[in-house]
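Notes to accompany the following structure.
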Ligand SMILES: Nc1nc2c(ncn2[C@@H]2O[C@H](COP(=O)(O)OP(=O)(O)OP(=O)(O)O)[C@@H](O)[C@H]2O)c(=O)[nH]1
Ligand SMILES: [Mg+2]
């Protein structure tokens, strides 16, 4: 399968009719790793330090006429108020400009940690925009069954959106993700 890195955007997003599959979630939750797992590449930069992906990265799948869109993570403590506002502004513009193109938003939540307040805010925000989204529990290899159940239960209190359990490390959930993205 052919994947092309289109670029890191802070604005001036692509204007075309291709579809967007969006990866959102707090910093370090595993967005870039999941993109790599899904595509079988190491194109999306994975970092040990959280908060490294600052721009919006577009990867293009010719075959599906679809972009995978890697959003910078939220909730990274070590950023200034100004940076946070810039981030927010960039995200708002992205969702405004590409709204019609968005096929699904994958909202990533750490399976072990469970939803943080910012994750719950993101759920509310996505719901209010009427965007189709899927809850993607990440790093399941590091979570016990009990922790996963607890995470699911807490998510259920916030939304009835579908969820899937994934591990970029073990390849868990790849087929389901694929189905939601391209099926
Ligand atoms: N055990 C385990 N570790 C993972 C998994 N997915 C990601 N990680 C680790 O979590 C860290 C963050 O992963 P990234 O993919 O860079 O996370 P991100 O959401 O893109 O982070 P930002 O770009 O900073 O927002 C890295 O050290 C990864 O190796 C997983 O499924 N299992
Ligand atoms: Mg990243």
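Summary table
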read-out	value
Helix-derived mean residue ellipticity, 222 nm - over the chain, DSSP H n ≥ 4, -39500 (n - 2.57), to 500	-10500 deg cm²/dmol
Relative contact order, percent, the chain [alpha-carbon distance under 8 Å, six or more residues apart]	25
Beta bridge orientation in the chain: antiparallel %, DSSP, nearest 5	35
Normalised alpha carbon radius of gyration of the range 3-182 [divisor 2.2 N^0.38 Å]	0.96
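Each reported figure results from applying straightforward, stated rules to the coordinates on display, with no laboratory input. Here the structure is a predicted model, which is why all the values come from computation and not from measurement.
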